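The values are calculated or read from the model by the stated rules, or taken from the named source; none is laboratory data. Note that this is a predicted model, so its numbers are computed, not measured. When we count neighbours, we look across all protein chains shown, and the Cβ atoms used for this are built from the backbone with ideal geometry, even at glycine. To get the accessible areas, we keep the full protein, side chains included, count just its heavy atoms, and leave off ligands, DNA and RNA. Shrake-Rupley method; radii C 1.70, N 1.55, O 1.52, S 1.80 Å.
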Amino acid sequence: MANAVPDPSAVSIGLDTAAHVGISVSDLDRSVAFYRALTGLDPVVRDEGMHGAGFARSQGLLRTRLRYATFRLRNLGIDLIQFEEPAGVPAEVAANRPGSMHLCFEVDDLPAVYDRMRAAGLDFLGPAYTFTTEEVSPPDAAGTEVAYFNDPDGTNLEIIAPRGGFARPD
């Protein structure tokens, strides 16, 4: 169920700090191995569980039992969540499908990281790409390099070497 968009002139909720992103997965162990290889980190929480009627209701479900693991990046947590009950069906995600999201990892040297990932056997959705001034705004974002790939369940992932307007402020 989608929410209506509140009138920003009438309400300012003020959510300005992200804690984590949650990614539903079909096989927690496989996904932990994948994200461990991507990040070089061990999960801070591994193979923990959540269940119960109150928790299920908070997620709009009648019942739930899940296993999860959490990775802590320098600026964001990644929760990998395997719903055991009720088990879900795979989403049909793609960059252009409303409701699909992507998780982006910032890198300093995109060609080097891209080559290392390919050498490790990861497939990209297409070749690495550098934005030009003719096709991106703000114009100072030109030179930003990107490449897109999926995790084992099809979650959209990106690596980026941002420039100009795409770079995070210091």
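Any idea of the accessible area per residue across the range 1-130, 1.4 Å probe, to the nearest Å²?
It amounts to 72 Å² per residue over the range 1-130.
As a test, work out the antiparallel percent of DSSP beta bridges whose residues both lie in the range 102-170, rounded to the nearest 5.
Antiparallel bridges: around 65 percent, rounded to the nearest 5.
Apply the Debye scattering formula to the range 1-73, with a single equal point scatterer on each alpha-carbon and no solvent, then give log10 I(q)/I(0) at q = 0.15 Å⁻¹.
Here the Debye-derived log intensity ratios amount to -0.75.
R0 = 45 Å: FRET efficiency of residue 26 with residue 129, Cβ-based, nearest 0.05? Provide the component values of the computation, followed by the final result.
Working: r = 29 Å, r/R0 = 0.65.
E(calc), rounded to 0.05, equals 0.95.
Using only the Cα atoms of the range 44-114, each taken as one equal point scatterer with no solvent, compute I(q) by the Debye sum, divide by I(0), and report log10 of the ratio at q = 0.19 Å⁻¹.
Those come out to -1.01, one per q.
How big is the range 80-127 in terms of Cα radius of gyration and Dmax, in angstroms?
Cα radius of gyration and Dmax of the range 80-127 are 15.0, 41 Å respectively.
Obtain the radius of gyration and the Kirkwood radius of the range 57-97 from its C-alpha atoms and give Rg over Rh. Provide the component values of the computation, followed by the final result.
Values: Rg = 13.3 Å, Rh = 12.5 Å.
Checking Rg against Rh, the ratio lands at 1.06.
If you wrap a convex hull around the alpha carbons of the chain, what volume per residue comes out, as a whole number of Å³?
So the per-residue Cα hull volume is 166 Å³.
Where in the range 104-170 are there trypsin sites (Lys or Arg not before Pro) that are in a DSSP coil and have at most 14 other Cβ atoms within 10 angstrom of their Cβ?
Those that pass, being in a loop and sparsely packed, number zero.
For the range 1-156, what % of the accessible area comes from carbon and sulfur atoms, probe 1.4 Å?
Its accessible area is 52 percent carbon and sulfur atoms.
Using a Debye calculation, one point per C-alpha and no hydration shell, please list log10 I(q)/I(0) for the range 64-149 at q = 0.16, 0.20 Å⁻¹ in order.
With one equal scatterer per Cα and no solvent, log10 I(q)/I(0) is -0.94, -1.22.
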